[in-house]
Amino acid sequence: MNNNYYIMRHGESVANKEKKIISNPDIGTVQYGLTENGKSAVLDAFSSFDKKDLISRIISSDFLRAMETAELVLKESGINTIEKTILLRERFFGNYDSCDDECYNIV
């Protein structure tokens, strides 16, 4: 097998910029998408991929920030669809959701 795999983290999101934990799917799937800097970073990162013309699948979390990242890659790669899955969601931080990201040090 001669497969290539690329794994991308989402670009900077509004939540990242606001230093806020957004892990609740009820919020994260519809709010807190990418900032303009995040979109630019995604495109810069994707341009550095070797063999990007051979990409045949894009699989993404259904969180808005991840879907917007996947959509930018989709447009650049010529792929027709994005496969959304809840299996790629980040863990839910419960009571710490919507808190300052300093709370990551607590959990």
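The values are calculated or read from the model by the stated rules, or taken from the named source; none is laboratory data. Note that this is a predicted model, so its numbers are computed, not measured. Every residue, glycine among them, receives a Cβ derived from its backbone with ideal geometry; neighbour counts consider all protein chains shown. Calculation scope for accessible area: heavy atoms of the full protein, side chains included, ligands and nucleic acids excluded. Shrake-Rupley method; radii C 1.70, N 1.55, O 1.52, S 1.80 Å.
Note: relative contact order over the chain, using C-alpha pairs below 8 Å and six or more positions apart, is 33 percent. Taking every protein chain into account, the accessible area of the chain amounts to 68 square angstrom per residue (probe 1.4 Å).
Derived value for the chain: Kirkwood hydrodynamic radius 14.6 Å. Basis is the mean of 1/r over every pair of different alpha-carbon atoms. Rounded to the nearest 0.05, what FRET efficiency is calculated for I79 and V14 with R0 set to 30 Å and r the Cβ-Cβ distance? About 0.70, to the nearest 0.05. Loop-located chymotrypsin sites (Phe, Trp or Tyr not before Pro) across the range 14-107 with a Cβ neighbour count of 14 or fewer within 10 Å are F92, with loop assigned by DSSP.
Taking amide H atoms as placed 1.01 Å from N in the peptide plane, the amide H of K84 lies under 5 Å from those of S60, each 5 or more residues away in sequence or on another chain.
The length gained by stretching the chain between N2 and S47 to full extension, at 0.36 nm per residue less their Cα-Cα distance, is 14.1 nm. Any idea what angle helix 64-77 forms with the longest principal axis of the chain, computed on alpha-carbon atoms, 0 to 90 degrees, nearest 10? Approximately 10 degrees, to the nearest 10.
Note on surface exposure: E83, E68, E102 rank E102, E83, E68 by accessible area, highest first, 1.4 Å probe.
Using only DSSP helix segments of four residues or longer, with each worth -39500 (n - 2.57), what per-residue ellipticity at 222 nm results for the chain after dividing by its residue count and rounding to 500?
So the helix-based figure for the chain works out to -9000 deg cm²/dmol.
Sort I22, I59, I79 from largest to smallest accessible area, using a 1.4 Å probe on the heavy atoms of the protein chains.
Details: I22 5, I59 85, I79 25 Å².
Greatest to least solvent exposure: I59, I79, I22.
Please report, as a whole percent, how much of the solvent-accessible surface of the chain comes from carbon and sulfur atoms (probe radius 1.4 Å). After summing per-atom areas, the C and S share lands at 48 percent.
DSSP loop (so not H, G, I, E, B), at most 16 other Cβ within 10 Å: list which trypsin sites (Lys or Arg not before Pro) in the range 8-107 pass both filters.
R9, K19, K51, R57, R89, R91
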